[in-house]
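Here is the structure we will look at, set down as structure tokens.
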Amino acid sequence: MRIQGFGGVGEIGGNKFYLEARGEGIFIDFGISYSARRRFFGWFLRPKRFSLLASLLTTGSVPRVANLYDRDLFDPTGLAAEALSRAPKLDVRAVVVSHPHTDHIGHVSLLRKGIPIYLGMGSYEISKTRETTKPAKTVEDKIFADDERPVQLFRTGARVRIGSFEVIPIHVDHSVPGSYGLIIHSPEGSVAYSGDLRLHGPKRAFTEEFAEAVASQGVDVVMMEGTRIREEEQVTEMDVERGLTRHISARKGLVAVLTGLVDYDRLRSIVSASEAAERTVLVSPRMAVMLETFNRLGVMPRDFLPGGGRVEVLVERKGSGMLDKQDYHGWEREYLDRILERGLRLFTDLDVAAHQGRYTVVLNSPDDVLDLLLMRPVEDSLFIYSTSEPHNEEQEIDRERIDNWLSILGMKSIQVHASGHASREELAKILGTTRPKKVIPIHTENPELFQPVLSRVAPGSTLINLHPQVPITI
Ligand SMILES: [Zn+2]
Ligand SMILES: [Zn+2]
């Protein structure tokens, strides 16, 4: 089998791995490379709509493959066609997506509509919800909303035939529902692909199940994510829940928590901690819609939805600032109408300002910090960063800006977080179970740090260092 890494090699995310056997191939993930985006683009330096594909191809942000992309994205000036004029064609039978984070699925949006996408129900539903509720949409965000792509949904343990490949998805524990590791058999060898995973979340047994399946099926190569191969720290989601409970209970003023839109484990921890402190959790309409999706997927109980008494909807005042219906459009207007029809109450910053000790406000974006101004936080208020520490310049600037606002508002801040990724010791445990002949580090900036771990837990294993674009044969 030939393995070629078009993204996710020497970088965290942007996974795009091409596996080929007997001339047929499949892509495993087709995510957005945020490191490439950061190198060439910024807040105001964005590709133009009509030459998006040309900009991405020219900067090497997406693979140069002649027959991969949607013809509608080819610019009239011919730049994209030029960039692909000497590019090879690949016989791509399908794209298999491990989970719904955009660094794994995002650039499926650019692909030719005829390529079938194989993914779990969770990845599909969560991506669709994220897409329809996104405030400003670009071509890059449109993956499934138009329903034009052939989609094949799989469940854990399924045996999925794609040409001469057999793909077996096995669920893993990660910070979003519907995350899978993949075992891929072909007439020219077999591979296990970790996706993103961890061993310290509520679903750690899923990851153990994947590792055991890899061991029992005896694959040639394990492609293992190593986001945190440098890190020893092992904070679990249970630690986070305890930490949140302690901090929230100790406060009488406003508590705001910044967390990711799709991190369902974290939302559950925030709700439990708030309940212990007799606070109701307030979420944005966008997050409320995502909670409904989680509920449909069976990973979030009904009483976590608005109206269940634990979580309610916080509406941002827009336009006139008077909650005028005209200020809300599209899905948001529909959602708010639906909430009101059910006789439920909508909350605003005015409610929070008047009763600061009654609520925990969940924010999903650094920009939401502006809403805190209207909530007039009293002295004993707290801002909780429940996201990873900033790990690039852009995120550092975001955090600095939030900190500036917090100092104006007189709010203290703390960090309470557990990662979606396995620490070094967890990776050692997983590799110790799988005992692979060969290991290819992926989704990491430190592939070389796998060597000492492998020597310790799987001494017979060989480390293979993949280079971007360069194919290897296993
Ligand atoms: Zn990732
Ligand atoms: Zn992920």
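Quick notes
- No other residue among Glu125, Glu131 is free of Cβ contacts under 8 Å to residues at least 40 places away in the same chain, within 14 Å of the chain's Cα centre (by Cα), away from ligand 1 (no atom under 16 Å from the Cβ) and closer than 25 Å to His171 by Cβ apart from Glu131.
- Residue that is surrounded by the fewest Cβ atoms within 10 Å (Cβ to Cβ), among those in the stretch 208-229 that are among the charged types (D, E, K, R) and away from ligand 1 (no atom under 16 Å from the Cβ): Glu212
- From the list Glu389, Glu393, Glu400, the one residue that fits, being closer than 21 Å to His417 by Cα and touching a Lys or Arg at 6+ places or on another chain (Cβ under 8 Å), is Glu393.
- Criterion (of a type in the set (D, E, K, R) and farther than 30 Å from Leu449 by Cα) met by exactly one of Asp29, Asp70: Asp70
- Here the condition is being in a loop (DSSP other than H, G, I, E, B) and either within 16 Å of ligand 2 (Cβ to nearest atom) or among the small types (Gly, Ala, Ser) (or both); of Gly181, Gly157, it holds for Gly157 alone.
- Considering residues of the stretch 87-109 that are more than 16 Å from ligand 2 (Cβ to nearest atom) and either assigned to a strand (DSSP E or B) or under 18 Å from the mean Cα position of the chain (by Cα) (or both) only, the residue nearest to Leu182 (Cα to Cα): Val95
- Some residue of the stretch 383-402 being charged (D, E, K, R), touching a Pro at 6+ places or on another chain (Cβ under 6 Å) and closer than 29 Å to Ser272 by Cα: yes
- Residue within the stretch 34-50 that is in contact with a strand residue (DSSP E or B) (Cβ under 7 Å, 6 or more places away or on another chain) and either small (Gly, Ala, Ser) or without any contact (Cβ under 8 Å) to a residue 60 or more places away in the chain (or both) present: no
- Residues satisfying the stated conditions in the stretch 18-34, i.e. more than 14 Å from Ser190 (Cα to Cα), within 13 Å of ligand 1 (Cβ to nearest atom), surrounded by 23 or more Cβ atoms within 10 Å (Cβ to Cβ) and not polar (S, T, N, Q): Asp29, Phe30, Gly31, Ile32
- Residues within the stretch 138-163 that are free of Cβ contacts under 8 Å to residues at least 24 places away in the same chain and farther than 24 Å from Leu73 by Cα, tallied: 4
- The number of residues in the stretch 101-122 being within 14 Å of ligand 1 (Cβ to nearest atom) and in contact with a strand residue (DSSP E or B) (Cβ under 8 Å, 6 or more places away or on another chain) comes to 2.
- Failed item in (1) more than 21 Å from Glu11 (Cβ to Cβ); (2) away from ligand 2 (no atom under 16 Å from the Cβ), with Gly120 passing the rest: (2)
- Of residues in the stretch 160-178 being under 16 Å from the mean Cα position of the chain (by Cα) and not in a strand (DSSP E or B), the one surrounded by the fewest Cβ atoms within 10 Å (Cβ to Cβ): Val176
- Filtered residue count, the stretch 385-430, keeping only those that are among the hydroxyl-bearing types (Ser, Thr, Tyr), away from ligand 2 (no atom under 16 Å from the Cβ) and part of a loop (DSSP other than H, G, I, E, B): 1
- Hey, Gly78 assigned by TED's automatic domain parsing to the domain that holds Val9 and at pLDDT 95 or above or not: yes
The values are calculated or read from the model by the stated rules, or taken from the named source; none is laboratory data. As the structure is a prediction and not an experimental result, all values here were calculated from the model. No Cβ is skipped: glycine too gets one built from the backbone with ideal geometry, and neighbour counts run over all protein chains shown.
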